[in-house]
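A.B. asks: What follows is a single structure, and I will ask about it in a moment.
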Amino acid sequence: MMRRKRANERSVALVALATAAVALSPVVPSDGSGSAAASGLPVAEAVRTGAVRNVLLFIGDGMGDSEITLARNYDRGAAGRLTLDRLPVSGSYTTYSVGRGAPDQVEYVTDSAAAATGWATGSKTYNGAIGVDARGRPLPTVLELAQQGGYRTGNVTTAEVFDATPAAISAHVLERDCAGPDDMQPCAPNAVENGGPGSIVEQQVALRPDVLMGGGAEAFAQRVRAGEFAGRTVRQQAEDSGFQVLDRADQLDGLSGDRPVLGLFADGGLAPIWTGPVARRGGTEPTRCAPNAERPADEPRLAEMTRAAVDLLDRKSAGQQRGFFLQVESAGIDNAAHDAEPCAQIGETLQFDEAVAAGLEFAEHNPGTLVIVTADHAQATQIVPNGVPTPGQTATLITNEGSHITVNYATAMPGESQEHSGSQVPIAGQGPHAADVDGVTDQTDLFRTLTGAMGLG
Ligand SMILES: [Zn+2]
């Protein structure tokens, strides 16, 4: 009750803000692509209540304010704006996790598994947990609740589909590493042969979302160990269960709507679209980022997967009372930050921004669509003065506007994988119920925003 009251108070304030925004003519990007926001209409719509038809949730893995600023500065310039900057309502959310078996013990730096379980279930949990609470008990996720409530569902990532974010909304295991039937040692009670629901990919197939796409074919090549599909690979289990399995980007054209879609476009994660120097102690020569020449041509970009998923889910929900819920994750922002590779990191942030643009394009023609853009946790990236030595690893890039930008990574010893950081991260929204992201909230509040918007209990 308290929460609803607060949201309504914010709504009143936002109506006033929306009116003021029209009068004051807010800053409009020079390319005109932010014109919808400039009209004030999305802000007015953002304070509407009532069930939405569709929800598009975009998660930038490891995409805190510093990571967004780096990509914006490099590509659009310091005074430029990304597409994700243009959503009319924005706030921040806190991202901490808790101890395993110790829900009262706070961990100030979350991983992607606890973070995704937090927004997907509304409960804080431990780092590594996939769809289970701090004591290892399974919790219903927003994707499962949406499916049960009559929404079509989709789950799209540039990581392996069993990676933390897509896993935490569609499976329940004790540890994030329990991807396939051969990986169940840390999750023995969850294994099919022990009477459990199985590994992450076995559970994802059993759940039958309408769309599941990304990389991770390696886990689907493992063999099921017990039950109806014993001896079959998980991919065969998916095919036997009616999935159409895709391996290449060109198969995204003209998808048939009558069967669920499983896209496995790489053995592991999808390759980053950009490459460049690894940051190092003492810095690098100023340089430009380059397209990643080693990226396989048959891997889709995140925006292509997003458009294909939205198109399929929209067609499948045509004529139904309820539309769809789709989660879209750009995972490589985090991976590149772990590796102190600013160009790969920028490329994956821009690839995320393209996917957001594809979502907003759909929302423009489908006004009952709630779009939310956020991150799961912050990362190590810092933008520091040029030419000043730091104890961390640095790289200097030449931006599109011709200036130098120096990026510092110092959350781990040089050469080690950079660690996440514990800062709050941005969250932005557009469409009905978007007002709920205003102000400072917690990651777990997103579960209530999403389920409230969809009218799910
Ligand atoms: Zn990470």
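Where a number appears in this text, it was derived from the coordinates with a stated rule and is not lab data. What you see is a predicted model; the values in this text were computed from it and never measured. Glycine also receives a Cβ, built like all others from the backbone with ideal geometry; neighbour counts cover every protein chain displayed.
A.B. asks: Under a Cβ-Cβ cut-off of 12 Å, what is the net charge of the residues other than Ala318 that fall near it, where Lys and Arg count +1 and Asp and Glu count -1?
C.D. replies: Taking every other residue near Ala318 into account, the sum is +3.
A.B. asks: What are the extents of the Cα atoms of the chain along their three principal axes, listed from largest to smallest and rounded to whole Å?
C.D. replies: Projected onto the principal axes, the Cα atoms of the chain cover 61, 52, 49 Å.
A.B. asks: Within the chain, which complete DSSP H helices have Cα atoms spanning at least 27 Å along the helix axis and a mean Kyte-Doolittle hydropathy of -0.5 or higher?
C.D. replies: Qualifying helices: 2-24, 342-365.
A.B. asks: On to the next question. For the chain, with only Lys/Arg (+1) and Asp/Glu (-1) charged at the beta-carbon, what is the dipole magnitude about the Cα centre, in debye rounded to 20?
C.D. replies: Computed charge dipole of the chain: roughly 1340 debye.
A.B. asks: What per residue convex hull volume, in Å³, do the alpha-carbon atoms of the range 87-232 yield?
C.D. replies: Dividing the Cα hull volume of the range 87-232 by its residues yields 123 Å³.
A.B. asks: Charges on Cβ only, +1 for Lys and Arg, -1 for Asp and Glu, centred on the Cα centroid of the range 79-129; of Thr95, Trp119, Leu84, which one is farthest towards the dipole's positive end?
C.D. replies: Leu84
A.B. asks: Along the range 387-404, what does the Karplus equation 6.51 cos²θ - 1.76 cosθ + 1.60 (θ = phi - 60°) give for ³J(HN,Hα), rounded to whole Hz, x for Gly and Pro?
C.D. replies: Using θ = phi - 60°, the values come out as x, 9, x, 10, x, x, 9, 10, 9, 10, 10, 9, 6, 4, 8, x, 9, 8 Hz.
A.B. asks: Counting other beta carbons within 10 Å of each Cβ, put Val156, Val384 in order, fewest first.
C.D. replies: With the sparsest Cβ surroundings first, the list reads Val384, Val156.
A.B. asks: With a cut-off of 8 Å between alpha carbons and a minimum separation of six or more residues, what is the relative contact order of the range 48-453 in percent?
C.D. replies: In percent, rounded to a whole number, it is 28.
A.B. asks: How would you rank Met413, Met184, going from fewest to most other Cβ atoms within 10 Å of each one's own Cβ?
C.D. replies: Least to most surrounded, the residues fall as Met413, Met184.
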